[in-house]
Amino acid sequence: MAQLLNWFSSPNDAELFLSWITEPMGWHNHEDKSCQEYFQYKGINFPQIIYSEQVLQMVEDNFQVRDDDIFNVTYQKSGTVWMLEILSLIHSNGDPSWCRTVPNWDRAPWFETVLGYKTALNNKSPRIISSHLPAQLFAKSFFRSKAKMIYTVRNPKDVLVSLYHFASMFHPFKDPGTLDQFLESFLKGDVPFGSWFDHVKGWMNLKDKENFFFITYEELKKDLRGSVVRICQFLDKDLDDEAIDAVVANASFEAMKNNKMSNFSLSPHFIMNQKKSAFLRKGISGDWKNHLSAAQSECFDQVYQERRMPLKARSQEQMKVLPLSSAHLVQHPVSHSAPPIAPGHS
Ligand SMILES: Nc1ncnc2c1ncn2[C@@H]1O[C@H](COP(=O)(O)OS(=O)(=O)O)[C@@H](OP(=O)(O)O)[C@H]1O
């Protein structure tokens, strides 16, 4: 959205233009999200205006991936902007100037959005490109390229909670209703970008490709420095210790929260009402325990068990997040202190 700033001489012009297209849809009254509807593209929900069928089709069929592109792919609320910041900082060898002067949506545009598509086309190589697309809708040219992809996965219960808050403050999304109602929609995949389970399964088919690297939000939380080192290795970027330290310092939750180029405070308030819930909300693992009842958690676990898949996790941290083979699923009675299966761990 705020990529509109690209096209206008000032933020005010961009905001005026946005007002003009969004006012008839009632977006200005951000207390009222009752009129929001999604459109479906190949069976997946997308919010209107920021996405269009035409652009989604162009991404899939026409977008020319370059071999030196780096893709930052996630299911929403799994750490996209965090990884975006890390990749931006690695790109500039730890120098935070780029991150402090250019909005994240221009540094690493979400190329499936109407505005991000144009930004991605115009950005100079090597490009960093973000995406929430499921694998089956992704740019076909990626699969023939040497471009690298980092896929970040997060405990789906934390994704649910983060998305619940986000849906209440991000105007293009439908009102999430009660947490019970939203849990049902989430587990059915009746949310933007479809089912978390399908998204992870779809992308994990690439797990043995050498241009594909997957990491979890929980690993980033537990050992950001070690994670940055591994990401640099994957990208063949040789940063010295000082530069790595600078990446870690500038990609911290606090640094990003204080950076207006990363905290979405430049987004018009009628698009993102951060008074309701901040984009950089809590930035912790395991917040689901503060929100989900034992019954809701159990309901989640049941679906998780049904949808589990055989995947080999590389580390203990990944084992806590991924839908693993049944051998990894330990059945405990449901309780907040002893969560029953993988997503139950923080
Ligand atoms: N630096 C850092 N450290 C820890 N956590 C961070 C960081 N940056 C973003 N976040 C948290 O990531 C959540 C937002 O996820 P996404 O960036 O994937 O959102 S989006 O899908 O692109 O809208 C959202 O999680 P919640 O706080 O749980 O809502 C952000 O706070």
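Brief remarks follow.
- Whole-Å semi-axes of the ellipsoid equivalent to the range 107-155 (Cα gyration tensor, √5λ, descending): 17, 14, 12
- Over the range 144-302: Kirkwood hydrodynamic radius from C-alpha pairwise inverse distances, Å: 17.8
- Spacing of the two label points (7 Å from each Cα toward its C-beta) at K275 and Q54, in nm: 3.6
- Taking V200, V114, V248 and counting other C-beta atoms within 10 Å, the order from fewest to most: V114, V248, V200
- Compactness check for the range 78-125: Cα Rg over 2.2 N^0.38 Å is 1.12.
- On the basis of the beta-carbon distance and an R0 of 22 Å, S97 and D245 show a calculated FRET efficiency of 0.85.
- Count Lys and Arg as plus one, Asp and Glu as minus one, and take only other residues whose Cβ is under 10 Å from that of A135; the net charge is then 0.
- The fraction of Cα-Cα pairs per 5 angstrom bin, counted from 0 for the range 214-285, comes to 3, 15, 20, 19, 17, 13, 8, 4, 0 percent, rounded to whole percents.
- For the range 23-163, fraction of C-alpha pairs farther apart than 24 Å, in %: 36
- Ranked for footprinting exposure by Cβ neighbours inside 10 Å, fewest first, H91, H199 give H91, H199.
- Sparse packing (at most 12 other Cβ atoms within 10 Å of the Cβ) combined with a DSSP loop state is found for the following trypsin sites (Lys or Arg not before Pro) in the range 210-277: K260, K275.
- Formal net charge of residues neighbouring S97 (Cβ-Cβ distance under 15 Å; K, R +1; D, E -1): 0
- Only Lys, Arg (+1) and Asp, Glu (-1) charged, at Cβ; the range 156-286 dipole about Cα centre in debye: 560
- The rule of thumb for compact globular proteins, 2.2 N^0.38 Å, goes into the C-alpha radius of gyration of the range 41-80 1.38 times.
- Ranking of D158, D95, D287 by count of other Cβ atoms within 10 Å, fewest first: D95, D287, D158
- FRET efficiency, 1/(1 + (r/R0)^6) with R0 56 Å, evaluated for E37 and K209 via beta carbons: 0.95
- Y51 sits among other residues whose Cβ lies under 15 Å from its own Cβ, and their net charge, with Lys and Arg +1 and Asp and Glu -1, is -1.
Quick note: the coordinates plus some simple rules give every number you see, no bench work behind them. None of the values given here were measured: they were computed from a predicted structure. Because the Cβ atoms are built from the backbone with ideal geometry, glycine has one as well, and the counts that use them run over all protein chains shown.
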